[in-house]
Amino acid sequence: FVMGAGKTIEISVQNQKVIVRDYGRGIPLGKVVDVVSKMNTGGKYDTRAFKKSVGLNGVGTKAVNALSSSFRVESTRDGRSKSAEFEQGNLITEEELEETSRR
């Protein structure tokens, strides 16, 4: 979103649950679990790009995952989708790739 790939971010807060959906490129489907649970797996890490890529390093999602009693991530790219669920940063379930018409 920060680099112009998306135009919309939706945020919904209901009781103790927060849902954030952006309409950017999507997390690469082979890295969905790593991007929200392992350090140094975000979008930009070289020194030049990092200066203009605040938010692309993925530290925020890792912190939210680690501190959440329940965390679900889902990515949709190229007509396919992948998701995973965590509890306090620990992987509970990981869905296989599936076809989708969702954008």
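The values are calculated or read from the model by the stated rules, or taken from the named source; none is laboratory data. Owing to the predicted nature of the structure, the values given are computational and were not obtained by experimental measurement. When we count neighbours, we look across all protein chains shown, and the Cβ atoms used for this are built from the backbone with ideal geometry, even at glycine. To get the accessible areas, we keep the full protein, side chains included, count just its heavy atoms, and leave off ligands, DNA and RNA. Shrake-Rupley method; radii C 1.70, N 1.55, O 1.52, S 1.80 Å.
Brief remarks follow.
- Looking only at region 42-72, and only at residues there that are open to solvent by less than 60 Å² (accessible area, probe 1.4 Å) and at pLDDT 90 or above, the one that is nearest to G30 (Cα to Cα): K62
- Matching option when the condition is open to solvent by 100 Å² or more (accessible area, probe 1.4 Å) and at pLDDT 80 or above, among I19, I27, I92, I11: I11
- Test for S75: is it small (G, A, S), exposed (fewer than 14 other Cβ atoms within 10 Å of the Cβ) and at pLDDT below 95: no
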